[in-house]
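The values are calculated or read from the model by the stated rules, or taken from the named source; none is laboratory data. Keep in mind that what you see is a predicted model, and the values were worked out from it rather than measured. Glycine gets a Cβ as well: all are built from the backbone with ideal geometry, and neighbour counts include every protein chain shown.
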Amino acid sequence: MQISLTRPDDWHLHLRDGAALATVLPHTARQFARAIVMPNLRPPVSTVAAAGEYRQRIIAALPPAMAFEPLMTLYLTDRTSVDDIRRAADSDFVHAVKLYPAGATTNSDAGVSNLRQCDRALAEMQRCGLPLLVHGEVTDPTIDVFDREKAFIDAVLQPLLRRYPALKVVFEHITTSDAADFVVAGGPLLGATITAHHLLYNRNAIFAGGIRPHHYCLPVLKRESHRQALLRAATSGSRRFFLGTDSAPHARTTKEVACGCAGCYTAHAALELYAEAFESVGALDRLEAFASFNGADFYGLPRNSGKVSLARDDWRTPTEFAYLGGDTLVPLRAGELLRWRMLD
Ligand code: NCD
Ligand code: ZN
């Protein structure tokens with residue numbers, strides 16, 4: 001059996017830079033026409049000039065025969081100015097601004113400590129129609145790590161949407177039924193991305209027979225009832241849920257240590273993983289809209305014209321990829337079977 005769909009886009013991706021970029025970019029470019037590229041480099045990509053240079057490095061790292069368009073984002077900081085936002089809106093390559101609450105995740109220490117300091121920038125984004133992408137977790141260490149997304153909705157997101165009712169917002173990598181319900185109840189300017197790993201795994205995967213660092217990401221995997229709710233949202237037919245892998249490469253030696261980095265690497269087989277999730281609830285017919293239409297429509301970008309095909313064919317993923325000199329990159333499902341295979 002085979003399925004074919006319009007070439008999809010990845011609306012939330014970490015490409016890194018330098019040698020790491022060169023390793024991971026071909027995986028994404030093989031599957032996706034475009035991707036929203038996260039700005040959490042060190043230092044963060046917080047100006048249009050830096051985003052333009054990063055974009056050039058991505059294009060330069062593309063293997064010759066591959067077509068791929070990086071859609072750049074700016075990292076919102078306490079110092080992002082109205083002029084920064086205007087320059088972003090006037091550029092033809094910055095498509096969104098990313099809010100990381102300070103300290104929420106990998107390379108987020110430059111993030112926003114108090115959103116009220118961003119009021120002028122947010123007002124300008126609302127005026128220009130530039131979307132805000134939010135990492136939706138509070139950072140208060142006294143709040144249980146599994147409750148931080150729900151707490152963010154109440155403490156930050158709901159008040160933000162009330163203050164800026166015409167701001168386009170993407171609630172990134174949602175992981176709870178609370179977030180899915182909140183997005184469903186929202187208006188046409190509120191969308192959400194969902195990762196493949198949050199559709200396929202619950203938090204037991206982090207502790208299956210021992211601690212599994214390659215299943216640790218942020219926001220952390222949640223309990224099974226939340227996974228079920230995400231599957232329902234992704235396959236509901238709602239046009240405000242779309243594909244965002246949050247593929248986040250980290251070298252093996254920085255995952256398999258006493259204090260391991262957060263992030264799951266899924267770019268090597270992203271579509272296959274999503275197909276498996278959709279198939280598990282008999283909703284393969286809904287995959288194309290989720291992967292190829294809804295995100296483009298939300299961002300106001302044209303849909304892609306090419307096609308990709310997947311065959312129902314068991315195959316074993318590589319156990320690792322060479323990464324950063326002597327290190328390696330361990331992908332999700334390393335050395336295990338996948339049910340679908342993308343055809344070249
Ligand atoms: C991301 C990373 O490694 O950059 N990690 C993750 O667990 N998702 C950061 C992020 O998107 O939170
Ligand atoms: Zn991310």
Next on the checklist: Give me the residue from the range 94-120 that is assigned to a loop (DSSP other than H, G, I, E, B) and either on the phi > 0 side of the Ramachandran plot or surrounded by fewer than 17 Cβ atoms within 10 Å (Cβ to Cβ) (or both) and, out of that set, farthest from ligand 1 (Cβ to nearest atom).
Outcome noted: ASN114
Checklist entry - Going by the structure shown, is LEU231 out of contact with any strand residue (DSSP E or B) (no Cβ under 7 Å at 6 or more places or on another chain) and within 16 Å of ligand 1 (Cβ to nearest atom)? => result no
Checklist entry - Taking HIS215, is it within 16 Å of ligand 1 (Cβ to nearest atom) and either out of contact with any strand residue (DSSP E or B) (no Cβ under 6 Å at 6 or more places or on another chain) or free of Cβ contacts under 8 Å to residues at least 12 places away in the same chain (or both)? => result yes
Item to check | Filter result for ALA22 (touching a residue at least 24 places away in the same chain (Cβ under 8 Å) and within 27 Å of PHE290 (Cα to Cα)) | outcome: no
Item to check | Residue satisfying all of: in the range 5-24; away from ligand 2 (no atom under 16 Å from the Cβ) and farther than 15 Å from ARG303 by Cβ; surrounded by the fewest Cβ atoms within 10 Å (Cβ to Cβ) among these | outcome: GLY18
Checklist outcome for this item: Note on the range 234-258: residues within 14 Å of ligand 1 (Cβ to nearest atom) and within 23 Å of THR139 (Cα to Cα) are GLY244, THR245, ASP246, SER247, ALA248, PRO249, HIS250, THR254, LYS255
Checklist entry - Does LEU271 satisfy the criteria of being buried (at least 22 other Cβ atoms within 10 Å of the Cβ) and within 16 Å of ligand 1 (Cβ to nearest atom)? => result no
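Going through the range 6-36 one residue at a time, which ones are outside any helix (DSSP H, G or I), touching a helix residue (DSSP H, G or I) at 6+ places or on another chain (Cβ under 7 Å) and closer than 16 Å to ALA248 by Cβ? Lay out the reasoning, then the answer.
Here is the first cut: in the range 6-36, the residues outside any helix (DSSP H, G or I) are 6-17, 32-36.
From the residues that got through so far, the ones that are touching a helix residue (DSSP H, G or I) at 6+ places or on another chain (Cβ under 7 Å) too are 6-11, 13, 15-17, 35.
The answer is ASP10, TRP11, LEU13, LEU15, ARG16, ASP17, ALA35.
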Checklist entry - Is it the case that the range 255-270 has a residue that's of a type in the set (A, V, I, L, M, F, W, C), within 16 Å of ligand 2 (Cβ to nearest atom) and assigned to a helix (DSSP H, G or I)? => result yes
Checklist entry - If you go through the range 123-152 one residue at a time, how many are under 21 Å from THR80 (Cα atoms), touching a residue at least 24 places away in the same chain (Cβ under 8 Å) and away from ligand 2 (no atom under 16 Å from the Cβ)? => result 8
Item to check | Unique residue being hydrophobic (A, V, I, L, M, F, W, C) and either within 16 Å of ligand 2 (Cβ to nearest atom) or at pLDDT below 95 (or both) when the list is LEU200, LEU221 | outcome: LEU221
Checklist entry - Has the range 70-79 got any residue that is modelled with pLDDT of 95 or more, of a type in the set (S, T, N, Q), away from ligand 2 (no atom under 16 Å from the Cβ) and outside any loop (DSSP other than H, G, I, E, B)? => result no
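If a residue must be under 24 Å from HIS226 (Cα atoms) and out of contact with any Phe, Trp or Tyr (no Cβ under 9 Å at 6 or more places or on another chain), how many such residues does the range 161-174 contain?
The number of residues fulfilling the criteria is 3.
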Next on the checklist: Looking for something more than 16 Å from ligand 1 (Cβ to nearest atom), at pLDDT 95 or above and in a strand (DSSP E or B) - is there at least one such residue anywhere in the range 42-54?
Outcome noted: no
